[in-house]
Each structure stands twice: as structure tokens, then as C-alpha cells.
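A.B. asks: A single structure is presented below for examination.
None of the figures in this text is laboratory data; all of them are computed from the coordinates on show. All values reported here derive from a predicted model rather than from experimental measurement. All Cβ positions, glycine included, derive from the backbone under ideal geometry; neighbour counts span all protein chains shown.
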Amino acid sequence: MSPIIIAVIVLALGFDFLNGIHDSSNVVATMISSRALSPRVALGMTAVAEFSGPLIFGVAVANTIGHEFVAAEAISTQVILAALVSAILWNLFTWYLGFPSSSSHALIGGLVGAVVVGAGWKAIQLPGIEKILIALFTSPIIGFIFGYIILKLILFLSWNATPRINGIFKRSQVVTALALALSHGANDAQKTMGIITLALLTGGYLQTFVVPLWVILLSGSMIALGTSVGGWRLIRTLGAKFYKIRPIDGFASQLASAAVILGASIAGGPVSTTQVVSSAIMGVGAAERLNKVRWGVAKEIAMAWLLTIPATALLAAGAYWIIIQFIP
């Protein structure tokens, strides 16, 4: 295997690891904040479920990222390398700031910037990018709506319940967190699988776009390892800054998030777990009362979302220019 393909695989797995650190907060923040489980137990359980996600639900998202988005025959391995460098730099930057930005947006922005500079617009397949953008930008809206409706429904069904019901919601978060972790593994880990498989195809190591089993296992392992480490800055942002999360809030937001992400994963739509979970948390808070949510924090995070694609596209364009100076 050529050195540049090995570099792509290493960087892709590094991105996967950072994605696990970044997105561990999305899965466990509400569970930790509501004291349903201790941080270490929550992260360990989530890591195992995330590894299992792509093995259970297939690789439809990997096919979208690696096969339907760009024309493999029109791009080079240097393009993929530049996209990964851009996404990793952006993830490190936002992790340092404690912003729960979207790793999915970072990767898509990096791919767009690198592909356009390295191969031109003709290499981007419009049906594929339409599918990706629709999934990325409608999923947070759906997450907000689901969170709002689910909490309203729970409040309606339990209006005369005793305070003991809090214990039920606290224990039930173990189930909803597992569902969310499975859906996260089935969506986010597959983006790395798609990138590695695309690199193998452009490098001539595969004849058709089929995700090898070893790529599935490696990608699942790295996102699980990143999750087990945990991104504590981001957990604090999601778990406390929106509003004080109770067991009922954690249960409702996890259920809403898992439903949206799992549905997208089965359909092959890559979504931002960060966006979906954050929106679901806000939807749940708004269902109780609008002024419960600290909308100023939500605005800051939304700004990070809006900046991610253009920023990573520019980073990738610069990274591609530098890379081809050394690897023509």
C-alpha cells in the first residue's frame, strides 16, 4: 500500500477518534447532567454501542459519502488528504474552544473545498450533495420538533403521576442512551468508512465501491475509543448551559435524537449528531416553557454551525495547495 494511502487511512482514523471525543458529549451529556449514570459508566456503555452500530444497521451512509457525493474517477488521493486535514484542524480548534460544532459539516466542507480546487465542480455529483445537504439542514429542525412533541406527550400522559416517576425516567435513560449511541455509530462512524473506501478506490486497491470489513471494524473501534475518552468541555456545554436538565428532559431528548439519527442512517443520510441532539434538547426545554432555554448559548452554537462548512472548505483548499507542492 502506498505511503499516501496509508496517510489517508491514519488521518481518517484520527478524524474518527476526534469525532468520538467531539460527539461523546451529544450522547451522554443529558444522562450525566440528570445523574442517571456516572460519567465513566455512561461513556463506556456508549462506546460499546457505537462500535456495534454500523455492524447492525449497515453502511448506507458510507455509500452516500464515498460513492454518491463525488466522482471517484475524477479526484485524486491528495484531494481526500486535504479534506481530512481541514476537518481535523477544525475539530481541534472547536474542541479547544469548547464549541460543539459539527464534525459532519467539517468533513463535508473539507471535501467540497478540496474537490473544487483539485478537480473542479464537475467532480461533485449534484444528487449526492443534495441528499447530504437536505439531511444535514432538515435534521436539526426535525429534532427540535420531535423533542417538543415527545415531552408534551409525556407530560400529558403523566400529569397525575407521583414524584417517583422521576426514578423511572432516570433508569429509562439507559435504554434511550443505548439507542442514541447505536444510531450515532451507524451514522458518524460510516463517514470515515466512506472516506477510506473512496481512497482505496482512487488508489486502485478496490475495483468497485464496497466497504471492506476491516474498514468497518477499524472505524467503529476508533470512534468508540474517542467516545470512551470523552470531551468534557463539550459535555459541560450541552449538559448544563442550555438549562438544568432533569431525568424527564434527558429521556425525551435522547428518544427524539435517536429516532431522527437512526432514521437518517437507514436512509443513508449523513446528519450532524451535534445539531440533532442540541436541537432536541432545545425542543424539550421549549415544550415546558420558552424562557427555560438559554437562547443566547443556542445562538453561539448556531453561529459555529454556520461557519463550519465555508471555513473548512477554505482550509481544505489551502491544504490541497500545500500538499501538491510536496506530493504532486
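A.B. asks: Give the dimensionless ratio obtained when the Cα radius of gyration of segment 3-326 is divided by 2.2 N^0.38 Å.
C.D. replies: The value comes to 0.97.
A.B. asks: What ³J(HN,Hα) values, in whole Hz, does the Karplus curve 6.51 cos²θ - 1.76 cosθ + 1.60 give for segment 5-21 when θ = phi - 60°, with x put for Gly and Pro?
C.D. replies: 5, 4, 4, 4, 5, 4, 5, 4, 5, x, 4, 4, 4, 5, 4, x, 5
A.B. asks: Which of the peptides 275-283, 126-134, 73-81 is most tightly packed, and how do the rest follow, judged by the mean count of other Cβ atoms within 10 Å per residue?
C.D. replies: 275-283, 73-81, 126-134
A.B. asks: Continuing with this model, one more query. Which of 208, 273, 308 moves the most in a Gaussian network model of the chain with Cα springs under 10 Å?
C.D. replies: Top of the fluctuation ranking is 208.
A.B. asks: Return the FRET efficiency for the residue pair residue 164, residue 229: r is the Cβ-Cβ distance, R0 is 30 Å, and the value is rounded to the nearest 0.05.
C.D. replies: So the FRET efficiency works out to roughly 0.25.
A.B. asks: What residues qualify as long-range amide H neighbours of residue 70, i.e. H under 5 Å apart, gap of 5 or more or another chain, H built at 1.01 Å from N?
C.D. replies: Amide H neighbours of residue 70, under 5 Å, 5+ apart: 125.
A.B. asks: How many nm is it between the label spots at residue 157 and residue 205, if each spot is 7 Å from the Cα in line with the beta carbon?
C.D. replies: Rounded to a tenth, the inter-label distance reads 4.8 nm.
A.B. asks: Calculate, in nm to one decimal, what residue 322 and residue 2 gain on full extension: separation in residues at 0.36 nm each, minus their alpha carbon distance.
C.D. replies: Taking residue 322 through residue 2 to full extension adds about 113.3 nm, to one decimal.
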